[in-house]
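The values are calculated or read from the model by the stated rules, or taken from the named source; none is laboratory data. For clarity, every value in this text was computed on a predicted model and none was experimentally measured. Cβ: placed from backbone, ideal geometry, glycine included. Neighbour counts: every protein chain shown.
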Amino acid sequence: FPFRVNGKAIAAGELDGFVKTVFDGKTGALIGAHMIGHEVTEMIQGFALAMPLEATEAELQATVFPHPTMSEAMHEASLDAYGKVLHI
């Protein structure tokens, strides 16, 4: 999910970057995430916690992320992995 459409990134003028998620096709568990850009070091712990807990795409998609925040890109990336993205 590209930062260029994230409200906080737009407000901060930090449009370069993205969040990408990778899920297991059978179990739906999060098995990887790529994050590049502004404030990603403040966000990665969410996915770092989700992976050993074997959080699924459904659980991440049901998580409420605060608005406006850069971390909303994590939610959108989880949705985007399944063609359900909201803000593109």
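Per-structure values
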| item | result |
| --- | --- |
| Within region 28-80, considering residues that are of a type in the set (D, E, K, R) and loosely packed, with under 14 Cβ neighbours inside 10 Å, the one nearest to Ala11 (Cα to Cα) | Glu42 |
| Count of region 68-85 residues which are closer than 15 Å to Phe3 by Cβ, out of contact with any Phe, Trp or Tyr (no Cβ under 6 Å at 6 or more places or on another chain) and not hydroxyl-bearing (Ser, Thr, Tyr) | 4 |
| Whichever residue in region 1-27 is of a type in the set (Gly, Ala, Ser) and closer than 21 Å to Thr69 by Cα and, among such residues, is surrounded by the most Cβ atoms within 10 Å (Cβ to Cβ) | Ala9 |
| Count of region 72-88 residues which are touching a residue at least 40 places away in the same chain (Cβ under 8 Å) and over 21 Å from Met51 (Cβ atoms) | 3 |
| Near pairs, Cβ below 6 angstrom, 6+ apart or cross-chain, from region 5-30 (modelled with pLDDT of 95 or more) to any residue that is polar (S, T, N, Q) and part of a loop (DSSP other than H, G, I, E, B) | Lys8/Thr69 |
